[in-house]
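Enquirer: Here it is, the structure, as structure tokens.
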Amino acid sequence: MILDPLGHYFIFIYQQVHKNKIEYYIIIIMNSNNMNLLSCSFCEKEFHNRKKTLYDRHIILCEVVHNSNKNKEDEDEEIVPSNKQMYKIIKELSIQNNKLKEKINELEKIIQRGGMMKKVDILEKLNSNPVKPDCLFKEWIKNIVIEEEDIDNLITENIANVINTILSRNIDVDEYSPIISSDIKKTNIYIFTITEDEIKWIKMENDDFLLLIKTLYKYLLTAYQTQWKEKNQHIHHYDEINVKLLHKITNLKTDNFADTTNRKIWNSLYLLVSKII
């Protein structure tokens, strides 16, 4: 038995031997399940006859689209709908437009409800977790270590990349560090700190981030002056490299959160400390 691709017919093929000859017989039976289907002559979409209203509404627009595509190259031969057809087309478009508006409103409500829940949930989950970081955010900042190779890297790399390397080395992603972000709220970073005599997780504000930048600026400048500068005065093009390094470090904006370099550092830090909360 074979069912045709559209499912309209069952095709039976059998054979028999008659007078030493093999004879083949083909029987075609209409599929009763499809006898009540209405098929669009333009796109072949099918509707059950119980949904004839949907079929009629579909035909109104499908015919227009079909004729428009067919006569696209020759505007003179384009079939112009009658006033009655135009009325039906406008009515159907209005129905579809209202349905789209309803779906958009529903989606907006879901997004708004989800956004409100996410704002509350992150800090609640962090502060309700009995496992706390070993140190506070400001203590962690004070213990950041700058190595001589960081200054060497600054010769060829931009300062945002160098700082990202420094932070990567000084943040133990396997431990519960005092700085964290979540994929739920992709614009926020959270820090573990003291506020109003209470130790808890809070959202990192611009001043908190700039405190980190000021500390990195101070540590980089110290490492440059006390480690790299004294050991590398003999290298070729020392004066030129010295000026370049000093310019890169002192050009770090410690009071402007919106600075392009600071935004790059923020984005890298967010990815670095991101966890599933």
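Rule-based calculations on the coordinates, nothing more; no lab input. Please read these numbers as outputs of a predicted model, since none were measured by experiment. Every residue, glycine among them, receives a Cβ derived from its backbone with ideal geometry; neighbour counts consider all protein chains shown.
Enquirer: Residue 96 to residue 121: FRET efficiency via 1/(1 + (r/R0)^6), r the Cβ-Cβ distance, R0 41 Å, to the nearest 0.05? Could the numbers behind the result be given before it?
Expert: Numbers: r = 37 Å, r/R0 = 0.91.
For residue 96 and residue 121, the calculated efficiency is 0.65.
Enquirer: So how do 139, 63, 44 line up by other beta-carbon neighbours within 10 Å, fewest first?
Expert: On the way: 139 13, 63 18, 44 8.
Sorted ascending by nearby Cβ count, the order is 44, 139, 63.
Enquirer: Report the local net charge at residue 97: Lys and Arg +1, Asp and Glu -1, summed over other residues whose C-beta lies under 14 Å from its C-beta.
Expert: Working: positive: 57, 91, 99, 101, 103; negative: 92, 102.
Residues near residue 97 contribute +3 overall.
Enquirer: Decide, for segment 129-275, between rounded, prolate and oblate: order the square roots of the alpha carbon gyration tensor eigenvalues as a ≥ b ≥ c, take rounded if a/c falls under 1.5, and otherwise choose prolate if a/b is larger than b/c, else oblate.
Expert: Working: a/c = 2.30, a/b = 2.03, b/c = 1.14.
It is prolate, given that a/c is not under 1.5 and a/b is the larger ratio.
Enquirer: Residue by residue through segment 229-239, what is 3J(HN,Hα) from phi via Karplus (6.51 cos²θ - 1.76 cosθ + 1.60, θ = phi - 60°)? Round to whole Hz and write x for glycine and proline.
Expert: 4, 5, 8, 10, 5, 8, 6, 5, 6, 4, 4
Enquirer: Going by how many other Cβ atoms sit within 10 Å of their own, how do 224, 217, 238 line up, fewest first? Walk me through the numbers before you get to the answer.
Expert: Numbers: 224 21, 217 18, 238 12.
In increasing order of surrounding Cβ atoms, one gets 238, 217, 224.
Enquirer: Sticking with this one: Mind checking the full-extension length gain between residue 43 and residue 107? Use 0.36 nm per residue of separation minus the Cα-Cα distance, one decimal, nm.
Expert: On the way: separation 64, 0.36 × 64 = 23.04 nm, distance 3.05 nm.
Working it through step by step, the gained length comes to 20.0 nm.
Enquirer: Would you kindly state how much longer the chain becomes between residue 231 and residue 254 on full extension, computed as 0.36 nm times their sequence separation minus their alpha carbon distance, in nm to one decimal? Show your work: numbers first, answer last.
Expert: Values: separation 23, 0.36 × 23 = 8.28 nm, distance 2.75 nm.
Value of the extension gain: 5.5 nm.
Enquirer: Cross-link list 45/88; 103/203; 99/185; 138/264: which exceed 27 angstrom alpha carbon to alpha carbon? Mind dumping the intermediate values first?
Expert: Working: 45/88 20 Å; 103/203 34 Å; 99/185 31 Å; 138/264 21 Å.
Beyond 27 Å between Cα atoms: 103/203; 99/185.
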